[in-house]
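What follows is a single structure, written as structure tokens, with notes after it.
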2 protein chains.
Amino acid sequence: MQPQSFGTGPARSASELSLAGPDTPFAVLDTARAKHNIGRLASHVHQLGVTLRPHMKTAKSLEIAALIHGDEPGPVTVSTLAEAEAFAEGGYADILYAVGIAPHKLPRVVALLERGVTLSVLLDSAEQACAVRDASAAAGTSVPALIEVDCDGHRGGVTLQDPALVEIGRILAEGDSLAGVLVHAGESYFASTHAEQAKAASHERDVAVAAAQQLREAGLRVDTVSVGSTPTAHAATDLTGVTEVRAGNYVFFDLVMAGLGVCEVNDLALSVVVTVIGHRPEHGWILTDGGWMAMSRDRGTSNQSVDQGYGLVTDLNGTLLPQLFMSGASQEHGILSTRDGSPLPDLPAGTRLRVLPNHACATAAQHHGYHVIDSRRDATGTPVIQTYWARITGW
Amino acid sequence: MQPQSFGTGPARSASELSLAGPDTPFAVLDTARAKHNIGRLASHVHQLGVTLRPHMKTAKSLEIAALIHGDEPGPVTVSTLAEAEAFAEGGYADILYAVGIAPHKLPRVVALLERGVTLSVLLDSAEQACAVRDASAAAGTSVPALIEVDCDGHRGGVTLQDPALVEIGRILAEGDSLAGVLVHAGESYFASTHAEQAKAASHERDVAVAAAQQLREAGLRVDTVSVGSTPTAHAATDLTGVTEVRAGNYVFFDLVMAGLGVCEVNDLALSVVVTVIGHRPEHGWILTDGGWMAMSRDRGTSNQSVDQGYGLVTDLNGTLLPQLFMSGASQEHGILSTRDGSPLPDLPAGTRLRVLPNHACATAAQHHGYHVIDSRRDATGTPVIQTYWARITGW
């Protein structure tokens with residue numbers, strides 16, 4: 001669905017419309033910041049001598065992938081087959097679907113392979129490996145599969161100690177499906193210092209390399225050794241033995257990442273424009289039309305040293321209003337308060353603000369797409385909307 | 001976006017497809033349960049002698065509105081102008097937009113009025129009332145407005161003690177825009193006994209009637225006296241002086257409402273079908289392909305006496321697996337655990353389950369629409385999908 005501001009009403013070009021235009025709430029992507037974030041990680045990963053396979057689960061947009069890869073589609077990671085199909089349609093031919101494969105989804109995987117796309121799947125059990133082997137044989141192809149290896153007990157994966165690792169490798173190798181191993185340091189999202197993140201990155205690498213080594217010692221070929229999370233991708237200093245790094249959140253960043261020190265608040269590229277709709281001075285509240293439907297219910301900073309509520313608040317031009325944060329949310333109402341109970345700023349009904357989210361992946365998912373700005377401003381200093389980029393949705 | 005199971009692949013009629021068919025995760029609406037819930041509140045509100053104006057912010061579906069109103073569109077409440085426009089398109093001519101009006105949204109309101117739809121707006125300040133008066137005058141119409149009155153300090157609204165109540169009434173009356181008053185007992189979502197809910201309902205009514213009385217004593221005409229929330233709508237025993245009741249969640253219900261005792265777990269009409277994709281017996285985990293993208297980040301039961309995590313689990317036929325709950329979520333991964341650490345049931349990879357949500361409004365919002373079932377089952381006892389109903393999305 002296109003936002004009504006680009007679809008109806010008097011004809012006006014995108015460049016005539018600023019953030020003061022569209023009906024609120026709506027999501028904004030600041031590409032100046034996104035490009036800075038993209039350049040930072042690209043440079044770091046290049047120095048480490050490995051490939052970056054960005055995870056598109058946060059942005060879910062072909063146009064944002066093009067900010068990373070330019071005109072030449074490169075490797076990507078996706079979280080749904082709907083993303084895989086959309087990226088394949090957009091010319092991407094090297095896609096990793098990084099959620100443990102459910103056997104009934106293999107026909108959609110095979111259909112993409114038959115279109116010439118290298119779509120790799122993820123698994124961590126012999127029964128999934130058998131399903132991949134059998135589906136591959138039935139289709140006369142080889143579905144490439146990575147074995148998920150667990151390094152810190154946060155999600156799926158076999159451990160290095162588990163003989164299933166080699167058993168799965170052997171089943172996959174029977175059908176020429178063994179592509180490699182994958183590790184994700186889920187613990188890194190709770191690593192609150194750079195030193196802890198660097199340690200998580202080392203550990204993630206060590207586990208991945210050791211898993212590949214085990215498989216190779218069993219006589220199996222392992223081409224891909226894949227690691228990554230936004231914190232570990234930035235903190236890694238030595239990725240010897242690794243072939244590729246995954247990260248997704250880093251394009252937008254968010255308050256959780258700022259709370260971990262992976263970025264600064266000024267790096268956050270995603271925000272939601274809201275409008276003041278009321279005041280409750282007796283409670284110390286400003287009410288807006290941006291509730292959890294616009295921000296998501298994610299409260300990722302609630303277990304960090306500074307709980308940012310549902311988000312920090314800036315004016316429409318992006319300048320932080322440091323005394324304010326979004327302290328509450330119902331479906332279509334946001335509550336802004338001052339953290340220390342100091343007087344509320346004078347923000348009359350109709351005032352537009354921007355809210356920086358806890359968790360960009362969750363907030364972006366509440367919107368059909370992004371109103372895109374860069375450093376250009378109109379005569380009032382308000383960011384000018386350059387275009388609208390739709391998100392890939394569903395499964 | 002249509003689910004791929006109704007859009008591609010070998011032609012098969014909806015009636016041939018059961019919950020074992022579509023790729024997971026997907027949302028399911030059990031209309032047998034929804035109709036039961038709809039009938040229960042309709043009967044109660046009828047006995048109270050007032051009009052029910054269902055809030056469509058939960059279901060966001062014309063087809064579900066038709067389960068309530070039948071072929072004859074009746075009064076509805078909406079949470080976005082996108083809903084208002086969709087319901088107007090669907091023949092609904094009496095719509096309340098129950099979020100404080102932002103002045104810049106008035107052109108869309110006027111456009112609907114000019115199509116012959118009675119679209120009422122909500123406000124709680126003199127500045128909003130002036131904006132409504134001025135927009136009405138400019139358009140040569142009267143935008144009907146309800147004054148929000150606060151009864152328990154949970155969101156917007158003027159208090160009974162605030163002289164702004166009559167001041168706003170006078171401004172609106174100048175342009176013949178004063179339609180009435182509206183109260184919402186936000187506190188009722190935390191009222192954990194029926195007695196407390198009944199008390200909240202009495203208080204909600206008392207405040208609404210007193211506000212109307214104040215305005216009438218000032219010589220102003222008040223036609224609409226609107227109250228409601230799902231808990232108070234069910235608990236109210238006397239609505240003398242009230243003209244209409246609003247409730248939305250009641251069509252689906254959810255674990256928050258079950259936790260308050262407003263319904264039973266067996267009344268929950270919305271669930272999400274997920275597939276088992278892995279096991280971590282050393283952690284006591286079953287992994288599924290339904291994470292927070294499918295369930296939302298809502299953890300509404302976390303402050304209730306029983307925290308249901310991200311949801312309770314049933315088999316595909318809807319039978320509760322009482323030992324299991326969804327204890328964790330990442331974007332596309334769900335973690336199921338037993339609450340007491342008892343052994344996990346044998347649910348191999350590929351097994352389909354259904355998860356009952358904390359908060360139906362938030363979970364439904366993660367999906368494009370509903371796969372609809374009723375009491376019909378296929379030969380294996382699995383619910384048969386009757387059709388697919390799309391949701392209204394965006395703002």
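Below, the figures for the structure above:
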| quantity | calculated |
| --- | --- |
| Positions within the range B:344-365 being crowded, with 21+ Cβ neighbours inside 10 Å, assigned to a loop (DSSP other than H, G, I, E, B) and either in contact with a Pro (Cβ under 9 Å, 6 or more places away or on another chain) or without any contact (Cβ under 8 Å) to a residue 12 or more places away in the chain (or both), in sequence order | B:ALA349 |
| Verdict on B:GLY341 being at pLDDT 95 or above, in a loop (DSSP other than H, G, I, E, B) and more than 11 Å from chain A (Cβ to nearest Cβ) | no |
| Odd one out for B:MET293, checked against (1) surrounded by fewer than 23 Cβ atoms within 10 Å (Cβ to Cβ); (2) facing chain A (nearest Cβ under 10 Å) | (1) |
| In the range B:304-333, the residues that are assigned to a strand (DSSP E or B) and either buried (at least 23 other Cβ atoms within 10 Å of the Cβ) or among the hydrophobic types (A, V, I, L, M, F, W, C) (or both) | B:GLY311, B:LEU312, B:VAL313, B:LEU320, B:LEU321, B:LEU324, B:PHE325, B:MET326, B:ALA329 |
| Conditions (1) more than 28 Å from B:LEU122 (Cβ to Cβ); (2) over 26 Å from the mean Cα position of the chain (by Cα); number of the one not met by A:TYR370 | (2) |
| Test set (1) within 26 Å of the chain's Cα centre (by Cα); (2) among the hydroxyl-bearing types (Ser, Thr, Tyr); (3) over 30 Å from A:ASN249 (Cβ atoms) - B:SER327 fails condition number | (3) |
| Filter result for the condition that a residue is in contact with a Lys or Arg (Cβ under 6 Å, 6 or more places away or on another chain) and modelled with pLDDT under 95, over B:GLY156, B:GLY186 | B:GLY186 |
| Filtered residues of the range A:176-190 (kept if surrounded by fewer than 24 Cβ atoms within 10 Å (Cβ to Cβ), under 15 Å from A:HIS203 (Cα atoms) and over 16 Å from the mean Cα position of the chain (by Cα)) | A:GLU187, A:PHE190 |
| So B:VAL109, is it in contact with a helix residue (DSSP H, G or I) (Cβ under 6 Å, 6 or more places away or on another chain), over 22 Å from B:ALA360 (Cβ atoms) and within 14 Å of chain A (Cβ to nearest Cβ) | no |
| Criterion violated by B:ASP374 - all others in (1) away from every other protein chain (no Cβ under 11 Å); (2) out of contact with any helix residue (DSSP H, G or I) (no Cβ under 8 Å at 6 or more places or on another chain); (3) part of a strand (DSSP E or B) satisfied | (2) |
| Search result, residues across the range A:194-229 that are among the β-branched types (Val, Ile, Thr) and in contact (Cβ under 8 Å) with a residue 40 or more places away in the chain | A:VAL207, A:VAL222, A:THR224, A:VAL225, A:VAL227 |
| Residue match in the range A:266-274 (condition: in a helix (DSSP H, G or I) and in the same structural domain as A:SER337 (by TED's automatic domain parsing)) | yes |
| Selection from the range B:125-169 of residues that are of a type in the set (Val, Ile, Thr) and within 14 Å of chain A (Cβ to nearest Cβ) | B:VAL132, B:ILE147, B:VAL149, B:VAL158, B:THR159, B:ILE168 |
| Hits in the range B:19-46 - residues which are away from every other protein chain (no Cβ under 14 Å), among the aliphatic types (A, V, I, L, M) and surrounded by fewer than 21 Cβ atoms within 10 Å (Cβ to Cβ) | B:ALA32, B:ILE38, B:LEU41, B:ALA42 |
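This table checks each residue for (1) within 30 Å of B:ALA349 (Cα to Cα); (2) assigned to a helix (DSSP H, G or I).
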| residue | (1), (2) |
| --- | --- |
| B:TYR189 | no, yes |
| B:GLN197 | no, yes |
| B:ALA201 | no, yes |
| B:ARG205 | no, yes |
| B:LEU215 | no, yes |
| B:LEU220 | no, no |
| B:SER226 | no, no |
| B:THR237 | no, no |
| B:VAL276 | yes, no |
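The values are calculated or read from the model by the stated rules, or taken from the named source; none is laboratory data. This one's a predicted model, so the numbers in the text were calculated from it and none came from an experiment. Don't worry about glycine lacking a Cβ; one is built from the backbone with ideal geometry, like all the others, and counts go over all protein chains shown.
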